[in-house]
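Some notes on the structure that comes next.
The values are calculated or read from the model by the stated rules, or taken from the named source; none is laboratory data. Since this is a predicted model, take the numbers as computed values, not measurements. Cβ sites come from the backbone with ideal geometry, for glycine too, and all protein chains shown count toward neighbours. Just the protein is used for accessible areas: all its heavy atoms, side chains included, with ligands, DNA and RNA removed. Shrake-Rupley method; radii C 1.70, N 1.55, O 1.52, S 1.80 Å.
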Amino acid sequence: EKNCAKFYNLLGSIVALRQDYEQAIHYYKLSLELLELHGDKLQAAYIKNNIANTFFSLTDYKSAYKYANEAFTEAKELNDTVYRPSIEAILAVSEVKMKKLKSAKSHAFESIRLSQKYQQPLGLIIGNYSLGEYYLEIKEYQQAEQYYTVSLSIASQFRQSNYIMLANIGLLTVYNATENYKQALQAGETALSIAKVLHNQNTEYSIYKNLALSYSKIGQHE
C-alpha cells in the first residue's frame, strides 16, 4: 500500500503539471490517506506540503495555509532536516496571504537559518521569496526588492523556473509601486515568458495586469 501511496503522489504531480489542480489534490489526498493509515507521518507531511502548493495554484490561500501548517508541525516534531526548511518557507508565504504577518516573518527567517545550516538551496529560495512577500505586504519596497533579488539569484543558479518566475513577479510589483517602470517591464516580461512555457494562465493574468500598468506609465498605451 505504500507503493500505492507513491503512485498516487506521482499521479498528483503529473496532473498538477497539466494544471488539473483539483484532480491533483484528489490524488494527493489518496496518497495521504494511505500514509496516515500506515503511520508514516514524515511522508504524510511531505504530501501535505504538495497539497499546500497546489492550493496556491488555485489561489485558495486558506486551504494552502491549513495544509502548510500541518506539514510544518509534523516535520518539526519529527526533527526533519531534509524538507523542513522549504516546508517552513511555504508556511511563511501562506501566512503572508492570511495576514498572519508576525508569524510569517518569524518562519521565513527560521527557514533561511535552517536552509543555511543544512545546505538546502530550495529552502533558501523560498525563504527569501517569502520575506519578499512579507515586506511587499507591509509596503517596505526596498527590503522586498532585496529579498526577491536574492531568491531570484539562487533560483537562477539552480534553474528553478517556477521561483525565477515568482521572484520576477514580485519585482514587477515592487518596481511598479516605486515607479521604476522600465525595470518593471524587464522583470515582467521575463516572468511572462516563463509563465507561457509553464502554461500557467492564472499567473499570466496577474503578470499581464501589472505589465499593462507598466506600459501605460511609459506612454505605450497600445
Residues K196 and K139, FRET efficiency given R0 of 25 Å [Cβ-Cβ distance, rounded to 0.05]: 0.25
Surface per residue (accessible, 1.4 Å probe) for the chain, Å²: 53
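Ignoring ligands, DNA and RNA, what percent of the accessible area of region 1-137 is carbon or sulfur (1.4 Å)? Before the final figure, lay out each step's value.
Details: 3410 of 6760 Å².
Summing carbon and sulfur atoms, their accessible area is 50 percent of the total for region 1-137.
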Cα coordinate range in the chain, projected on the principal axes (Å, largest first): 61, 34, 31
Cut-off 14 Å between beta-carbons: net charge of the residues surrounding I125, Lys and Arg +1, Asp and Glu -1: -1
Inter-label distance for K102 and L58, nm, one decimal - labels placed 7 Å from Cα along Cα-to-Cβ: 3.1
Shape box of region 1-83 [Cα atoms, principal axes, largest first, Å]: 32, 28, 20
Debye intensity ratio I(q)/I(0), log10, region 149-195, q values 0.25, 0.28 Å⁻¹ (C-alpha model): -0.80, -0.94
Projected label distance in nm at L42 and S161, using a 7 Å step from Cα toward the beta-carbon: 3.1
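Could you calculate the contour length gain from E1 to I218, that is, 0.36 nm times the residue separation minus the distance between their Cα atoms, to one decimal place in nm? Each step should come with its number before you reach the end.
Details: separation 217, 0.36 × 217 = 78.12 nm, distance 5.87 nm.
Extra length available between E1 and I218 comes to 72.2 nm.
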Percentage relative contact order, region 1-115, counting C-alpha pairs under 8 Å, at least six apart: 18
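Take every Cα pair under 8 Å in region 96-140 that's 6+ residues apart, average their separations, divide by the length, and report that relative contact order as a whole percent. Can you show the working numbers first?
Details: 29 pairs, mean separation 19.5, N = 45.
Relative CO of region 96-140 lands at 43 percent.
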Relative contact order (%) - the chain, alpha-carbon pairs under 8 angstrom, separation at least six: 11
Orientation-averaged projected area, Cα convex hull of region 111-222 (nm²): 6.9
Residue-averaged 222 nm ellipticity for the chain, from DSSP H runs of 4+ at -39500 (n - 2.57), nearest 500: -28000 deg cm²/dmol
For region 54-148: rounded, prolate or oblate by the Cα gyration tensor [a/c cutoff 1.5]: oblate
Ranked order, V197, V96 - accessible area, probe 1.4 Å, largest first: V197, V96
Centroid-to-centroid separation of region 169-191 and region 1-65 [C-alpha atoms, Å]: 33
Inter-label distance, nm, simple model (7 Å from Cα along the C-beta direction), T81/L10: 3.0
